[in-house]
Amino acid sequence: MAAEDVIENVLHNLVFWSFIILILGGLLAASWLFVRLAGVSSDDMSNLVEKLSLLGFPVGIVALITIGAGFLLWSTMENFMDEYPAFDLFSIFCLGILGLVLILRPIKDFRFGAFISLALGLLGAGVLVLVGAESVQLLAVVFIVIFLAIYLSIKIIEDLYLLIAEVLSSPLISVCVGILCIIQGILQFFGLSIGGIIALVLQG
């Protein structure tokens, strides 16, 4: 089988099985609620939810990849909506918000600004060493200048990212997103969509 056929088959499978991604991802996003309803003690609940959030990370990545697969097929297939009638804009919205919730929850406290700045500062100093610089003072100055310049430049972006991550990873938002995606996934299994139902109600 040619590589193009394999890729196209993967894209079709992602879109076809997107309802499973929505249901599984929804269960993981709403894990706080289900763990609480299961009667797990408060001491064990946080640990269990944290472990489930790590499991949700790859599911979130797959959810975002599925959006890309849908757009690619949408742009190349004339009968896309006939073959996948439930994969509409509302499904894309659900997959997108679900992907963000599942990805940002386990890394909401990760400060990438300092990490990137440190890496680039060391890289700059390393380049000077490769070109023959031997002055420790010069290397230290270059490292500090690069580190501060990069860190201050992306600090605003990092603060915005942390704010969004904090909001989306809150139990209330996660549970609401999870339940919405579970409902959408179940409807998708039957070839329906919340968006389509809303459109019919507004028209009728």
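The table below lists the values:
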{"read-out": "Karplus 3J(HN,Hα) series, Hz, for the stretch 139-147 with 6.51 cos²θ - 1.76 cosθ + 1.60 (x for Gly, Pro)", "value": "4, 5, 5, 4, 4, 5, 5, 5, 4"}
{"read-out": "³J(HN,Hα), Karplus 6.51/-1.76/1.60, whole Hz, each residue of the stretch 52-59, x for Gly, Pro", "value": "5, 5, 5, 5, x, 4, x, 5"}
{"read-out": "Highest-first arrangement of 58-69, 88-99, where packing means the average Cβ count within 10 Å", "value": "88-99, 58-69"}
{"read-out": "Label-point gap, in nm, between Phe71 and Asn9 - each point 7 angstrom along Cα→Cβ", "value": "2.6 nm"}
{"read-out": "Packing-based exposure ordering (other Cβ within 10 Å, fewest first) of Asp5, Asp159", "value": "Asp5, Asp159"}
{"read-out": "Pairwise FRET efficiency - Ala199 versus Ile173, Cβ, R0 = 35 Å, nearest 0.05", "value": "0.85"}
{"read-out": "Exposure proxy order (Cβ contacts within 10 Å, fewest to most) of Leu104, Leu160", "value": "Leu160, Leu104"}
{"read-out": "Chain lengthening between Glu83 and Leu152 when straightened (0.36 nm per residue, less Cα-Cα)", "value": "19.9 nm"}
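Each reported figure results from applying straightforward, stated rules to the coordinates on display, with no laboratory input. Quick caveat, the model's predicted, so the values are computed rather than measured. Counting neighbours? That spans all protein chains shown, and the Cβs are built from the backbone with ideal geometry, glycine included.
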